[in-house]
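Chemist: This is the structure, below, for whatever I ask next.
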Amino acid sequence: MRKIILTLCASLLGMISSHAAYPEKPIRIVVAFAPASSTDIVARLLSEPLSASMGQPVIVENKPGAGGNIATTGVMNAPADGYTLLFHSVAYAVNPSLFKNAGYDGVSDLQPVALAAFTPNLLYVHPDVKATNLAELLALARNGKMAYASSGNGTTTHLGAELLFKGLAKVDITHVPFQPAAATNAVVSGQVPIASTSMPPAVPFVKTGKVRPIAVTSLKRSPALPDVPTVAELGYKNFEANTWFAVFAPKQTPPAVLEMLNQKITAALNQKSVKDRFDTLSLEATQMDRPTAARYIESEVQKWGKLVKDMNLQVE
């Protein structure tokens, strides 16, 4: 019996030691969308200060596809040791109800590590579009067939635009899903006249005049574009469709590792260089512990799931 107890104690000490030593090797953050997407931009802004504080390289790897589901299921099935993490957007909460088979449950299959940031979505047009405000844009759309680009099926840039155009304004504007950064480029090039994306990829083109902003989807105006009205100001009271970004880990990842990651990510978000860069892109850093982040994400799964059901939307 004494030998068994000693063996168990040794095993326990070994486990504690291995967890205490974390991290002992590079950490991989798998981004659910393509390079230059808002999700990618936020992940890379955090990777440098996170690498410095963790004492190990933090490697950002893009695995776009299926609205983020490829990256999500890949991380879900990765070893639960804290060395493979998922960086996703609000689409993480939408996809289980939007896709016929997303491959994961938004509440039970991964562990939220930290909610990193929020940003409004932005509705904008190519400069050749003869509309300077939302009313003029909707009038144009009623008089002729138009299309809008979004950051992909299941994103709030897609669902929010569907709700605004078809649900509230009763205007049929064709949805064209793109990879996030490609949606902005499609409007800049004139391939599509309208876009609904999160703000980070679009703001630089707004400031250089390559796209014309129409409205933001937050309840308050964005400090990055203070002259651009909100959709709520323009006659659609309480309209809100924002994008958030979060870090997830495989379900069985040790709580001590998750807690360390949450604290390190929070510290990175508090660095002045990160805050300054967030401000220029209209990103708002969050300060949530893990239980609060988990409750928020669960509420988002329910909220967007209801909207998807009410609008009868589904992606194969």
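The values are calculated or read from the model by the stated rules, or taken from the named source; none is laboratory data. This one's a predicted model, so the numbers in the text were calculated from it and none came from an experiment. Because the Cβ atoms are built from the backbone with ideal geometry, glycine has one as well, and the counts that use them run over all protein chains shown.
Residue by residue, here is whether (1) at pLDDT 95 or above; (2) not assigned by TED's automatic domain parsing to the domain that holds Ser222; (3) not hydroxyl-bearing (Ser, Thr, Tyr) holds:
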site: Leu85; (1), (2), (3): yes, yes, yes
site: His88; (1), (2), (3): yes, yes, yes
site: Tyr92; (1), (2), (3): yes, yes, no
site: Gly103; (1), (2), (3): yes, yes, yes
site: Val107; (1), (2), (3): yes, yes, yes
site: Leu110; (1), (2), (3): yes, yes, yes
site: Thr132; (1), (2), (3): yes, no, no
site: Ala139; (1), (2), (3): yes, no, yes
site: Asn143; (1), (2), (3): no, no, yes
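Chemist: Looking at the range 122-181, which of its residues are among the charged types (D, E, K, R), touching a residue at least 24 places away in the same chain (Cβ under 8 Å) and touching a helix residue (DSSP H, G or I) at 6+ places or on another chain (Cβ under 8 Å)?
Modeler: Result: Asp172, single match.
Chemist: Can you pull out every residue in the range 163-193 that is in a helix (DSSP H, G or I) and either more than 22 Å from Thr132 (Cβ to Cβ) or in contact with a strand residue (DSSP E or B) (Cβ under 7 Å, 6 or more places away or on another chain) (or both)? Before you say what the answer is, go through the steps one by one.
Modeler: Of all residues in the range 163-193, those in a helix (DSSP H, G or I) come to 163-168, 180-188.
Answer for the range 163-193, where residues must be in a helix (DSSP H, G or I) and either more than 22 Å from Thr132 (Cβ to Cβ) or in contact with a strand residue (DSSP E or B) (Cβ under 7 Å, 6 or more places away or on another chain) (or both): Leu163, Lys166, Gly167, Pro180, Ala181, Ala182, Ala183, Thr184, Asn185, Ala186, Val187.
Chemist: With respect to Ser299, is the statement that it is within 20 Å of Thr197 (Cα to Cα), of a type in the set (Ser, Thr, Tyr) and within 17 Å of the chain's Cα centre (by Cα) true? Walk me through it before giving the result.
Modeler: Details: within 20 Å of Thr197 (Cα to Cα): no; of a type in the set (Ser, Thr, Tyr): yes; within 17 Å of the chain's Cα centre (by Cα): yes.
No.
Chemist: While we're on this one: Mind listing whichever residues of the range 204-224 are hydrophobic (A, V, I, L, M, F, W, C) and outside any loop (DSSP other than H, G, I, E, B)?
Modeler: Passing the criteria: Phe205, Val206, Ile214, Ala215, Val216.
Chemist: Could you figure out which of (1) touching a residue at least 24 places away in the same chain (Cβ under 8 Å); (2) part of a loop (DSSP other than H, G, I, E, B); (3) surrounded by fewer than 21 Cβ atoms within 10 Å (Cβ to Cβ) isn't true of Asp227?
Modeler: Failed condition: (1).
Chemist: Looking at the range 194-217, which of the residues that are under 15 Å from Leu134 (Cβ atoms) and polar (S, T, N, Q) is surrounded by the most Cβ atoms within 10 Å (Cβ to Cβ)?
Modeler: Going through the qualifying residues, I end up with Ser196.
Chemist: Return only the number of the condition from (1) in contact with a helix residue (DSSP H, G or I) (Cβ under 8 Å, 6 or more places away or on another chain); (2) among the small types (Gly, Ala, Ser); (3) at pLDDT 95 or above; (4) surrounded by fewer than 24 Cβ atoms within 10 Å (Cβ to Cβ) that Ala114 does not satisfy.
Modeler: (4)
Chemist: Is it the case, given these coordinates, that Ala181 is surrounded by 18 or more Cβ atoms within 10 Å (Cβ to Cβ) and modelled with pLDDT of 95 or more?
Modeler: no
Chemist: Residues that are assigned by TED's automatic domain parsing to the domain that holds Thr132, among the polar types (S, T, N, Q) and in contact with a Gly (Cβ under 9 Å, 6 or more places away or on another chain): does the range 158-178 have at least one?
Modeler: No, the range 158-178 has no match at all.
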